[in-house]
Each structure stands twice: as structure tokens, then as C-alpha cells.
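Every number in this text was worked out from the coordinates using simple rules, so none of it is lab data. Every value quoted in this text rests on a predicted model; they were computed, and no experiment measured them. With ideal geometry, Cβ positions are generated from the backbone for all residues, glycine too; neighbour counts draw on all protein chains shown.
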Amino acid sequence: MKKKFFVLSIILNLIFVLPVFTKNKSDSFLKKALWWQLVDEKQKIIQCELCPRECILQPNQSGYCTARINKDGTLYTLTYNKPVSLAVDPIEKKPVFHMLPGTKSFSLATAGCNLRCIHCQNWEISQRPPQTIQSYNFTAEQIVKMAKESGARSISYTYTEPVIFYEYMLDIAKLAKKEGLKNVMVTSGYINTPPLEELVKYIDVFRVDLKGFSEEFYKKLALGKLQPVLETLKFVKQRNSFVEIINLIIPTLNDNPDEIKKLCLWVKENLGDETPIFFSRFYPMHKLTNLPPTPVATLEQAHKIAKDIGLKYVYIGNVPGHPYENTFCPKCNNIVIGRIGYSITQNNLKNGKCKFCGYKIVGIWE
């Protein structure tokens, strides 16, 4: 036990001594990227095929995500082996509520993102190019080793957008799976289907931000599109991967009850009524500081809409101590997993079933 605490201490301390690590301004750490094609051999112009933006890049031009660059007609990733954030978090912090409750998840991120959310809570690392941020130098093997030594049961690709460090995530996830660790992708779901099809083999839980339910909202708040996210969700569900959805409700922007109802109906019809969904409280952040925090009553209204539609696992997030942090049995309505913040207060699961009535609770419990 002492060894685990010692290793965990080292990992957590690394976060605070980050400036002593390498600051990458050269091309010496480039790795050839996956998912691209050469569209003009003479002029060495390429097209990235990783995400729906499908950037067309001239030589020495970086993609919209800032994490991929055209060098002499070849696409390289700037984030391989270069995490900028490492931590050991409660799995509930992701939030993921239907996998291994009360366990730790080794969490990492690299710099960059393929969206531009004006309310991003991690904008200091998501909205800056990798070359401009201090980073660690850890291989996939080292990440998996640290995760196991920390006592974590899973690895989470989180904080920024894991799609943009696809190659690094994929290699870590493959090794993690071999070592008996679960993989969690905390994502906005902005990825094309072919690369997703390879990734889905190794990711146990896709925790997807469904930011709103209109193209107008996505364009205004994230400079992205809604439809590709819906396609990602449907594809992942078709491949029998586990999905948990979070919808951050922002006052005046996506809190319309009709829009929330449409979102919930879509989830029920396309992903199933047992898909966990979180309605999470907004706090002023980044470029969106002119709005107040979401009223709890608004979140409770969204919760009621979802339950009335027939969704079975509906949560309220970012309101520690709220009763709808708990997981209730859809059959007998007893608490099967009790929570306050990131802490588990009770666990009434027995072999993945409610111990009170025997109802099977959807999730990954071992």
C-alpha cells in the first residue's frame, strides 16, 4: 500500500513541477499521423481525414486543432508522447457513473482541440498549440505502467479533446486493455467514422458532450456542427460500446425546454432509454463570463423532462449534494449507488443488480 501512495504522490507532484520539463518548439518530436491523404503530390498538399473539419493543409501549415502539421507532404502529429496534464482522478469526476464506482482513473491530456468552445473550462491547454506549452515526455508504456502503479482501474483521455491526440490515445488504449485496465474517452465526439471504427475496439466508455441540440448552438458556441456528434453517438451505440452523455445547460442559450425535450427524445430513440445522461450546471468561464450560473431549478426541470420521456438514468451535475447525483433503481426506486460530489456513500449493487429487487443496472461493474 505504501508503494501505491508513493507513486501517486510522485504523479501528482509532477503536475506542479511541469516547468522543469521539456518545452517543445522543435520538430524533433514529430510522429507520422494516421488518417490523411495526399491531394496534390506536386505541391505537397494534404487533407486530414481524422475529424469532420477535414483540413486541407499546405506545407508547414497546421490544422485547425493546431496539433497536426504538414511537413513536406506528410502529416505529423505534434502531441505523441507529449501530455501536458496528468492526474489520478475519481472516475466520478469525468463524470462516469456507470463504471467501477469509487475507483480511480489515471487521466491525461495533450494540448489542442478541434472545437472552439467559448465556455471551455480548460482553455489554457485546449486553445493553445502544443509547441507553446510545457509538456511531459511519456511513452504509452510509461503511461500504462504509472496508471497501474497508482492503483487506478482505468485510463481516461480527457481535459482537452482526445480526438486530436488520436495516435497516442490509441497506442495507450491498446496496451491498457492488455494490462486489464479500462479505457474512458471523455470527448465532444467530433471525429470521422473510419478512425472511430478502429478506436471503438479499445474504448470501454465514451463519455460524450452533447452540448446542445441545434446547429445554431454548435456554430455559435463551439464553431462546430451538431450532426457529426450525433453520427458518432449512433455509431458507438451500434458497436455496443457504453455511452454516457453530458449536457451542460447554459442560461438563455440551450435551456429551452422544447430543445431539451428534443434532445432527450433523440437519445431515447437512437441510444436507448438506459443511456445515462447528465444535466450539468454552467459556471461563467473563458469567454462566456456575462451569464450567471445555471439555476438549479432549470436543471431539475430538465431532469423531469428526461424522466417523463422515459430515460431511466438521469443525473444533475455540478451541484454537489443534490439527490439526483445518486443512481436510482428504475424498478423499485431505491438508491443503488449513493454519491456526494466525487465520493461514494453507498453501493447497493450485487452482481450488477439492485440488491433490493434484483433489477439489472446497466453498466460496467467489474
What distance in nm lies between label points placed 7 Å from Cα along the C-beta direction at Glu54 and Thr132? 2.9
What is the log10 of I(q)/I(0) for the range 65-136, computed with the Debye formula using one identical point scatterer on each Cα and no solvent, at q = 0.25, 0.26 Å⁻¹? -1.09, -1.12
Give the total of Lys-Lys pairs in the range 288-360 with Cα-Cα distances below 18 Å; include a pair only if its members are 8 or more places apart or on different chains. 12
Mind telling me which of Lys145, Lys307, Lys42 comes out most flexible in a GNM of the chain, alpha-carbon contacts under 10 Å? Lys42
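In square nanometres, what is the average projected area of the Cα convex hull of the range 171-312?
Average of the hull's projected areas for the range 171-312 equals 9.1 nm².
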Cα coordinate range in the range 22-77, projected on the principal axes (Å, largest first): 34, 25, 16
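Taking 1 over the mean of 1/r across every pair of different Cα atoms in the range 165-225, what Kirkwood radius in Å do you get?
Answer for the range 165-225: a Kirkwood hydrodynamic radius of 12.9 Å.
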Calculate how many DSSP beta bridges within the chain are antiparallel, expressed in % of all such bridges and rounded to the nearest 5. 55
Above-threshold pairs, the threshold being 19 Å between Cα atoms, out of Lys178/Lys201; Lys174/Lys201; Lys93/Lys234; Lys94/Lys182: Lys93/Lys234
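Please give the contour-minus-distance gain from Lys261 to Glu149: 0.36 nm per residue of separation, less the Cα-Cα distance, rounded to one decimal in nm.
35.9 nm
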Between 0 and 90°, nearest 10: helix 257-271 axis offset from the chain longest Cα axis: 80
If you average the C-alpha positions of the range 285-350 and of the range 180-241 separately, how far apart do those two centres end up, in angstrom? 22
